[in-house]
Each structure stands twice: as structure tokens, then as C-alpha cells.
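Okay, so here's the structure we're looking at.
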Amino acid sequence: MDKASAIYHGIKYSKLVVRRNMIDDQILQLSRKSKVKDVKDMFQYDLYYVPFYVIRVRGTASSKLFGIHFREKLISVDALKGFYASADLGLFNIDSFEDSITDENSSGVTILEPLLNFEQAWSKGGRSIRESHSLSIRHAFWTRSSVELSPIEYLVIYKPFWLVRITNEHGEFIRVIDGATGEVGGNNGYRFLACLEESNAGRC
């Protein structure tokens, strides 16, 4: 397997952009349109912080024609199940994150602990890079078995997710809101629910 040694830059927290009151306001607006009553009794909110390894990866290849050349990319691998995703290189700008959860946001928050160490996460992430399928010539560089993949540096980022339980006459429903981007559901939401099932705090 490719090398797993890398420089560790510590723990950071994504900024909580979507606050509880913003969700309340949105729900109230929707309820006025649908004439729903007893809104507060229908919704239960839980805020979770999920750990991800954000890894800068270098791919090195050599050829008779071009000699040794390399490229770099950024990936994220969640620390609970090992889901892999490409990431924007700008994500490694640690100035855009916080060093801790502010007191304002810490009440009632569940911080999920990593279930995978860095070596395990990198093993899954490196394998996923090679198994990824794309028609892009640029992407094909990373999938070649002759390319040596090496993690250069990484940090652990905790990302906030709102778990919203909705109870009505039809039963209970769950919606996930990305607390950093506001995305409802989506791939990140489904992955969060899958991660939650693997954590000790899981109630799904």
C-alpha cells in the first residue's frame, strides 16, 4: 500500500453557518403556507459534529519521455466509515476554520469521536482514488497503478450537521441539514446518517 506518513496539523471546526433560529424561521414560513399547527411539538433538533480527515495527496509518476512528475489533490475521508470524496484545494486553508466550538454553539452538541485512525482512513481514501471512474484525462493520472500516492499533510475537521426529527400523523421522518452549507439531504446528509449508525451516539 502507498505510504501513510504525513504531517499532522491538528483539529479544526467548520463554522456553524446555519443556526437553530434560522431553521425555526424557515419551518415557520413553511408552516404558514401549509397551515400546520403546533410546529414546536413536531420538530426535534440535534446538532452533531462529524470528524473528517482532510488529506493533501501527492501522486508521483516517472516515464522515459517526461521523467519524474507529480500532481497534488485534496481529499476528505470521514473518520467513522471511511467515505471518500474529492475536495477543493482551498479547503486546506486553516484560516477559514475555528479552533473550537464557541460557547454559544456548544450546548446540547454531540461530538462524534473518530472510529478510524489516520492510517485506516488513508488506506480507504487511497484505494478509493484508484477505484474512482472518470472520463477525464486529468483524472486518469490518479487511477494508474504506476502512480505512487503519498499523503503529504492532513488535519482533522469537525463538520456540523443538524439532525431534524419530524413527527406528525403519518409517523416520524428524519431530515439532515449541513450546518456549514445549509444543504438539505444530499450525499453528505445520507453519508452522515450512515456514519451515525456506526458511532456510539447513533440512535438511527
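Each reported figure results from applying straightforward, stated rules to the coordinates on display, with no laboratory input. Small disclaimer: the values here were computed from a predicted structure and weren't measured. All Cβ positions, even for glycine, are placed from backbone atoms using ideal geometry, and neighbour counts span all protein chains on display.
Ordered by the number of other Cβ atoms lying within 10 Å of each residue's own Cβ, fewest first, Asp99, Asp24, Asp178 fall into the sequence Asp99, Asp24, Asp178. Legend: ranking of residues Tyr158, Tyr8 from fewest to most surrounding C-beta atoms inside 10 Å; resulting order Tyr8, Tyr158. With a simple spin-label model that places each label point 7 Å from the Cα along the Cα-to-Cβ direction, the separation between Ser62 and Arg144 comes to 1.4 nm. By other beta-carbon atoms within 10 Å, ranking Leu196, Leu155 with the fewest at the front produces Leu155, Leu196.
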